[in-house]
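Everything below concerns the one structure shown next.
All of the numbers you see were taken from the coordinates with simple rules; none came from a lab. On a predicted model such as this, the values are computed, not experimentally measured, just so you know. Every residue, glycine among them, receives a Cβ derived from its backbone with ideal geometry; neighbour counts consider all protein chains shown.
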Amino acid sequence: MSAHQNPEQIRSQLKHPIVDGDGHWLEYAPVFSEKMRKAAGDKSADGFLAALRSTTDALKMTPEERRRRRVAMPNFWNRQAENTLDRATAMMPKMLYERLDEIGLDFAIVYPTAGLRLPRIKDDETRRAVIRGYNIVSAEYFQGLEDRLTPAAIIPMHHPEEAIAELEFVTKQLGSKVGMFGSGMSRQIAATAANDPESQPVELRLQSYRPFRGRRPCRRQGGLPRRRDPALPRVALCLPRGRRRLGLPAVRRPDRALGAARRPSARAHEAGEARPQIADEHGREIRL
């Protein structure tokens, strides 16, 4: 017997309700997808299953293949498996509802798990169909449990109009109280070499240069990998100390073209050669 009180005993001694503001449930994909198919059509169900395949595909890769393709190891260990009662509770909202007192909760907001990746589906039509079907089926699972459980509806955020349309639907048609809004949406930049002819000559010229570097190696910035990706051009834009500190553009010294020889050493300057002078916008000298 444990000397510690269980959650139900602790809850009985409190004078305020206990609310789980970030609960999650496990959607059972084979059944969930078929319910989506009936509610919103084949595109909704097939798009949902395709989004889930990224996990199984990554788990089949060797460590070397994941490293080459910059694919992270999916977290397969966060699902309860040995305790089948708890696993079933996470998959069945009605069972969770019946065990709330045992768990020590008065109310829970329940977020998606498989649905977490759905706002990042790239194709607009597929994304909207998948999220619409998901929200309908999720609301059906929690129907009749509203006094102690409420599911979070997924709100896509690629475009304002789709976000507003889904908000209108889930609040007015499904009665949703909580929304899970997509964040960090990746958007295609118009001025890229793939669709901007004016930038293609620059891209081709960059690929012809040999690697070069400043005084210090590049650091991890903006989510870019520290190691150079073989698919990227063999160019490393690194700043000397002074220019990095002042936040100047990531370019080489203006007095030397790309790929040219390194600047003269300090001994050369001591011999009488003038050291190049560069100033910032306020007239302050920048030491190179």
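Annotations
- Fully extending the segment from Lys15 to Met73, taken as 0.36 nm per residue of separation minus the present Cα-Cα distance, adds 16.5 nm.
- Listed pairs Lys43/Lys177; Lys60/Lys94; Lys38/Lys172 exceeding 23 Å between Cα atoms: Lys43/Lys177; Lys60/Lys94
- Distance in nm between pseudo-label sites at Asp57 and Ala29 (7 Å out along the Cβ direction from Cα): 1.2
- In Hz, Karplus ³J(HN,Hα) per residue of the range 99-114 (6.51, -1.76, 1.60; θ = phi - 60°; x = Gly, Pro): 9, 4, 5, 4, 6, x, 10, 9, 8, 9, 8, 10, 9, x, 10, 4
- Nitroxide proxy distance, nm - points 7 Å out along Cα→Cβ at Lys122 and Ala3: 5.8
- Close amide-amide hydrogen proximity is noted between Met180 and Ala153, Ile154, Ile155, each under 5 Å apart and 5 or more residues distant or on a separate chain (H modeled in the peptide plane; Pro and chain starts excluded).
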